[in-house]
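Read the structure below first, then the notes.
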Amino acid sequence: MARLTSAFGREAYQRLQRSTVALIGAGGTGSAAIPILARAGVGRLIIIDSDHASESNLERLHGSTPADVANRVPKVTIAKRSVAEYAPGTVVEAINGRLPQPEVLDAVLQADVLMGCTDQHSSRMAVADIATRYLIPAVDCGGLIEGRDGIVTGQLVQIVRFLAADPCPRCRGMISATRVMQEMLPVVERLAPADQAALAAARGERPDPILTAVPQIDTVGYITTTAGTLAAGFVIGWLTGRFSPTFERLQLDLVSDCLGAVDRPQRPRPGCSCTTTRGYADQAADAAPFQPPDHWPAPVQL
């Protein structure tokens, strides 16, 4: 810890030891953020994820092995195992579950800072809702690759700040209602692109399978690692009181000049619940963006 205390001071390190960070998602971005936080001395991590290791995410899932894929090991199990190896002093509460399940919400509300580390629109809404109603500062991170004619044209990293007074993801145009609906369905009921297109046409929407099917987010390990570690750095700044995210919605293009860094300040939409439920906590439970579907498995604490 000599380098960290030299840069930020002994008091900052002590603050980290007393702090709790909740991470929603232990995949590509989450698994990159976890070691940054644990090695910096964060005293407690609450890690939430409902998925297991798979062949498709082995390339970017820090701490995972081919055996984890073969055995369908939960991502939270991998995270807890890894932290025990390199930061045994950090307490890890690992829950195989999803927000906003009541048991998961109760655990997350113990955190000083919340990190959103999934590519799910429903999860992003739940994270922002907690920031608004419970006044817990949050940061959401992600990344993707853009291309045309076989050439990579963009390698994008996005970090979004959610404070109580910041606009929610719906106000910022970050949410697809169709995508949220699909995420709420059981996996076996998620329709093929052709079926999605037929339903869209019946609703009077553009019957384009690319728009209506759950999209595959194209990304690779170094992009998700960059997003997760940068976001973890801002969390450390918050916790130590040494610096804060001065941006609202930071977007970086790793193949542009000067990283193509831009901030996108946005304003809440008139009448959105995010402007009327600040600090209302459980009293505004009816304003939550959605309720956990009955088919979601009950959370399991490991």
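The values are calculated or read from the model by the stated rules, or taken from the named source; none is laboratory data. Quick caveat, the model's predicted, so the values are computed rather than measured. Glycine gets a Cβ as well: all are built from the backbone with ideal geometry, and neighbour counts include every protein chain shown. Ligands, DNA and RNA are stripped out before the accessible areas are found, and what is left, the full protein with its side chains, is counted by its heavy atoms. Shrake-Rupley method; radii C 1.70, N 1.55, O 1.52, S 1.80 Å.
Just a few scattered comments:
- Sole exception among (1) over 20 Å from residue 100 (Cβ atoms); (2) open to solvent by less than 10 Å² (accessible area, probe 1.4 Å) for residue 169, by number: (1)
- When residues of segment 1-26 are limited to those that are at pLDDT below 95 and part of a loop (DSSP other than H, G, I, E, B), the one nearest to the chain's Cα centre (by Cα): 1
- Candidates 269, 278, 264, filtered to the one that is in contact with a Cys (Cβ under 7 Å, 6 or more places away or on another chain), at pLDDT below 95 and more than 21 Å from residue 184 (Cβ to Cβ): 269
- Subset of segment 245-261 (residues that are within 30 Å of residue 12 (Cα to Cα) and modelled with pLDDT under 90): 245, 246, 259, 261
- Count of residues meeting criterion [out of contact with any helix residue (DSSP H, G or I) (no Cβ under 6 Å at 6 or more places or on another chain), assigned to a helix (DSSP H, G or I) and at pLDDT below 95] in segment 96-122: 0
Quick grid of which residues meet (1) buried (at least 24 other Cβ atoms within 10 Å of the Cβ); (2) touching a strand residue (DSSP E or B) at 6+ places or on another chain (Cβ under 8 Å); (3) of a type in the set (A, V, I, L, M):
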{"site": "21", "(1), (2), (3)": "yes, yes, yes"}
{"site": "26", "(1), (2), (3)": "yes, yes, yes"}
{"site": "30", "(1), (2), (3)": "yes, yes, no"}
{"site": "35", "(1), (2), (3)": "no, no, no"}
{"site": "43", "(1), (2), (3)": "no, yes, no"}
{"site": "48", "(1), (2), (3)": "yes, yes, yes"}
{"site": "51", "(1), (2), (3)": "no, yes, no"}
{"site": "56", "(1), (2), (3)": "no, no, no"}
{"site": "61", "(1), (2), (3)": "yes, no, yes"}
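- Hits in segment 275-290 - residues which are part of a helix (DSSP H, G or I), open to solvent by less than 40 Å² (accessible area, probe 1.4 Å) and closer than 26 Å to residue 176 by Cβ: 284, 287
- For segment 144-176, residues that are farther than 23 Å from residue 33 by Cβ, in contact with a Gly (Cβ under 8 Å, 6 or more places away or on another chain) and modelled with pLDDT of 90 or more total 0.
- Neighbours by Cβ (under 7 Å, 6+ apart or cross-chain): first from segment 86-105, among the small types (Gly, Ala, Ser); second open to solvent by less than 40 Å² (accessible area, probe 1.4 Å): 87/38; 94/47; 94/76; 94/79; 97/48; 97/104; 97/299
- Criterion violated by residue 200 - all others in (1) modelled with pLDDT of 95 or more; (2) of a type outside the set (Asp, Glu); (3) open to solvent by less than 10 Å² (accessible area, probe 1.4 Å) satisfied: (1)
- Residue among 93, 59 that alone is outside any helix (DSSP H, G or I), within 24 Å of residue 220 (Cα to Cα) and out of contact with any Ser or Thr (no Cβ under 8 Å at 6 or more places or on another chain): 59
- Qualifying positions in segment 124-160 - assigned to a helix (DSSP H, G or I), surrounded by fewer than 24 Cβ atoms within 10 Å (Cβ to Cβ) and of a type in the set (Ser, Thr, Tyr): 134
- Selection status of residue 270, out of contact with any Gly (no Cβ under 6 Å at 6 or more places or on another chain), farther than 30 Å from residue 10 by Cα and buried (at least 19 other Cβ atoms within 10 Å of the Cβ): no
- Whenever a residue of segment 269-295 is closer than 17 Å to residue 138 by Cα, its partners that are of a type in the set (Asp, Glu) and at pLDDT 90 or above, lying with C-beta atoms within less than 7 angstrom and at least six residues away or across chains, give the pairs 288/129; 289/129.
- Of all residues in segment 218-245, those that are touching a strand residue (DSSP E or B) at 6+ places or on another chain (Cβ under 8 Å) and not in a helix (DSSP H, G or I) total 4.
- The number of residues in segment 2-25 being more than 30 Å from residue 104 (Cα to Cα) and polar (S, T, N, Q) comes to 2.
- Hits in segment 81-108 (condition: crowded, with 16+ Cβ neighbours inside 10 Å, of a type in the set (A, V, I, L, M, F, W, C) and more than 13 Å from residue 37 (Cβ to Cβ)): 94, 95, 99, 104, 105, 107, 108
- For segment 27-51, the tally of residues that are within 14 Å of residue 115 (Cα to Cα) and not in a helix (DSSP H, G or I) stands at 8.
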